[in-house]
Amino acid sequence: MIFLEDYIANEITKAVEALYGASAVKVQTSSTKKDIEGDVTAVMFPLLKLSRKSPEETGEEIGAWLAANLPDVGGYNVIKGFLNVKMSDSYWKKSFREIASDGSFGERPANGKTVMVEFSSPNTNKPLHLGHLRNILLGWSVSRLLEADGYRVIKANLVNDRGIHICKSMVAWIHEANGATPSDAGVKGDHFVGDYYVLFNDIYKRQVSSLVEGGMAEDDARKNAPIMKEAQDMLVRWEQGDADTIALWKTMNSWVYEGFDKTYSDMGVGFDRIYYESQTYLLGKSIVEEGLEKGVFERHPDGSVWCDLTSDGLDSKLLLRSDGTSVYMTQDLGTARKRFEEYDLDGLIYVVGNEQNYHFQVLKLIFKKLGYPWADRIYHLSYGMVELPDGKMKSREGTVVDADDLIGRMYNTAMEVSRELGKLDGMDKDEQDRLFGMLGLGALKYFIIKVDPKKTMLFNPKESIDFNGNTGPFIQYTHARIKSILRKADAAGYVPSASMDAGLLPKEVEIIDRLCRYPQRISEAASAYSPAMIANYCYDLAKEFNQYYHDVPVLREPDASVRDFRLSLIGVIARVLSKAMGILGITLPERM
């Protein structure tokens with residue numbers, strides 16, 4: 001289905017050729033403002049050199065040509081050099097019949113391009129938290145959005161399974177656990193390991209305070225705290241392949257992976273390819289050697305390796321520490337090259353918070369300096385942080401909103417609100433349980449996704465579950481309401497029909513117009529990497545239905561042809577809502 005603005009722009013081009021003898025004219029069109037009669041507005045000013053007439057005269061001539069030659073045009077008006085074209089009833093009915101008969105409506109054909117979207121990318125020293133949830137939900141929905149726009153998408157996860165932060169949890173476990181395991185403690189594996197990461201920080205702060213009290217400068221105390229030096233020594237042993245260190249590392253990481261998998265499953269997300277930093281950092285080191293040979297990098301007297309980017313308006317970037325151990329940039333170099341070697345990627349999208357904007361600017365620039373032809377195919381999808389009413393979260397201090405706890409709280413909140421509103425009639429316990437999970441996750445996902453990725457957001461669990469605002473449950477309830485109407489219609493023997501003889505109501509035209517724009521919204525949202533645009537499209541469509549159903553009889557409509565058309569119309573609304581919310585990873589209930 002061609003977008004309406006493009007359709008009218010093409011027809012105006014034909015009009016200009018017929019009226020003024022000019023071809024290949026670029027015509028500017030947009031959706032008409034709500035307070036003006038019309039569906040598409042075209043700007044006349046760029047055409048005045050061809051018409052040699054005033055904007056109003058030009059608009060009148062082109063509008064008259066469209067009305068005479070295009071049955072789809074039902075009328076027009078000209079206001080101050082803007083031609084407003086109103087589409088005919090027959091156009092909207094024809095458009096709706098096309099939508100109703102198209103089971104894959106909104107899905108673009110494959111475009112032959114492959115992109116990889118990296119998201120989640122957790123550290124194996126702590127459980128997933130609210131900040132991770134925004135990352136995961138954004139990455140998942142962007143992946144689904146690009147798939148809907150015709151891309152082959154590889155959903156990738158990079159597990160940061162090595163480094164000083166991992167060693168901190170390991171050192172604390174050696175000191176304090178007495179050999180305990182998650183099963184011994186009755187704690188989920190990622191939570192168990194995360195507790196020792198917090199414990200490390202507690203011990204570290206006490207040791208720093210003790211050294212400062214003993215007369216050492218605070219900066220020196222931070223460097224010389226015994227437990228920090230122990231973690232640094234462990235990292236060196238790990239990179240040297242020390243058997244005992246590697247064995248403990250594998251064991252503790254396995255606990256974390258089991259915990260992560262449970263959380264991913266509860267969220268309804270998964271990955272096509274998982275990379276591990278421990279398997280790519282050596283490739284990164286080889287790229288560092290390559291950069292040294294090419295003169296792009298330089299080795300300092302202490303043995304550390306740097307890339308001087310000062311001529312590019314940046315600073316010098318550390319690539320290898322003086323003890324030979326790698327940093328985040330090292331493994332990102334290795335992982336990126338491995339991905340382009342494995343797949344002929346047209347794009348590599350990193351979903352990472354805006355605190356890492358500089359990191360990815362440097363990553364891309366380094367690859368350019370090294371001469372890799374795909375450097376410009378790297379894109380950092382930067383997003384704002386999630387904050388709480390009392391400020392930012394800090395993992396090392398244990399002041400985070402845990403993902404598992406939050407999912408559980410959302411389930412409980414959905415249960416409480418549903419019971420208060422009496423939305424459980426006729427449901428057995430298992431059906432109620434599924435509904436609470438659906439509503440809780442729907443509320444959480446929608447509340448996070450509906451915010452433009454670039455914006456910092458404040459999370460409010462209670463507000464997210466509201467059945468009357470711009471929320472997931474509002475849209476879920478709208479879908480269930482439509483399905484209830486359709487079940488009643490089916491029981492009465494009514495058969496929805498996409499055709500009718502009567503004229504369309506203005507609200508029906510608005511709804512059909514909004515439905516027609518769904519594929520356009522998919523393309524616009526995919527281009528902007530913004531699933532928030534789809535979330536808000538769903539909200540607007542759900543609002544349109546609720547207003548329509550409030551004002552217009554459906555089941556009680558005496559004219560059978562009109563009734564059956566309206567049943568078809570609301571059925572298509574439900575289908576589009578289900579598809580669009582599915583892109584966001586949100587399931588819509590059949591009843592509630």
For residue 188, give me every one of the lysines with a C-alpha distance below 18 angstrom, ignoring sequence neighbours fewer than eight places off in its own chain. 126, 250, 262
Compute the helix-to-body angle for 403-421: its Cα long axis versus the longest principal axis of the chain, expressed 0 to 90° and rounded to tens. 40
Segment 2-49: projected area of the alpha-carbon convex hull, averaged over directions, in nm²: 3.6
How large are Rg and Dmax for segment 553-592 when only the alpha carbon atoms are used, in Å? 13.0, 39
If segment 51-122 were replaced by its equivalent ellipsoid, with semi-axes equal to the square roots of 5 times the Cα gyration tensor eigenvalues, what would those be, largest first, whole Å? 40, 21, 11
Taking the alpha-carbon distance from residue 483 and a cut-off under 28 Å, which lysines remain once sequence neighbours fewer than 8 residues away in the same chain are dropped? 93, 94, 423, 429, 445, 450, 462, 507, 543, 579
For segment 143-198, take every pair of Cα atoms, bin their distances at 10 Å starting from 0, and report each bin as a whole percent. 20, 34, 17, 17, 11, 1
Please calculate how many Å² of accessible area the chain carries per residue, with a 1.4 Å probe and no DNA, RNA or ligand atoms counted. 44
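On alpha carbon coordinates alone, what is the Rg over Rh value for the chain, Rh being the Kirkwood radius? Show your work: numbers first, answer last.
Numbers: Rg = 29.5 Å, Rh = 27.8 Å.
A ratio of 1.06.
Assigning unit charges at the beta carbon (Lys, Arg +1; Asp, Glu -1) and nothing else, what dipole magnitude in debye, to the nearest 20, does segment 453-541 show about its Cα centre?
Details: 11 positive and 9 negative charges, 60 e Å.
Here the size comes out at about 280 debye.
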Taking max minus min of the Cα coordinates of segment 512-592 on each principal axis, largest first, gives extents in Å of 46, 28, 17
Rounded to the nearest 10, the angle in degrees between the Cα long axis of helix 189-213 and the longest principal axis of the Cα atoms of the chain comes to 50
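Place the peptides 142-148, 579-585, 429-435 in order of packing, highest mean first, counting for every residue the other Cβ atoms within 10 Å and averaging per peptide.
Details: 142-148: 23.9, 579-585: 22.1, 429-435: 13.4.
Highest-to-lowest ranking by the protection proxy: 142-148, 579-585, 429-435.
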To check my understanding: the extent here is largest minus smallest coordinate of the Cα atoms along each principal axis. What are those three numbers for segment 475-514, in Å, largest first? 27, 27, 12
Rounded to the nearest Å, what's the spacing between the alpha carbon centres of segment 329-372 and segment 482-530? Just the number, please. 42
Run through all the Cα pairs of segment 1-132 and give the fraction in each 10 Å bin from 0, expressed as whole percent. 11, 33, 21, 14, 10, 7, 3, 0
For residue 34, give me every one of the aspartates and glutamates with a C-alpha distance below 17 angstrom, ignoring sequence neighbours fewer than eight places off in its own chain. 5, 508, 510, 513, 540, 544
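Kindly sort 212, 417 by accessible area of their heavy atoms, largest first, with the probe set to 1.4 Å. Each step should come with its number before you reach the end.
Working: 212 60, 417 15 Å².
Descending accessible area places them as 212, 417.
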Between 0 and 90 degrees, rounded to the nearest ten: what's the tilt of helix 357-370 against the longest Cα principal axis of the chain? 80
Given segment 535-574 reduced to its alpha-carbon atoms as identical point scatterers, what log10 I(q)/I(0) does the Debye formula return at q = 0.15 Å⁻¹? -0.36
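The values are calculated or read from the model by the stated rules, or taken from the named source; none is laboratory data. Treat the numbers as computed from the prediction; the structure is a model and nothing was measured. Every residue, glycine as well, gets a Cβ built from its backbone with ideal geometry; the counts of neighbours run over all protein chains shown. With ligands, DNA and RNA removed, areas are computed over all heavy atoms of the protein, side chains included. Shrake-Rupley method; radii C 1.70, N 1.55, O 1.52, S 1.80 Å.
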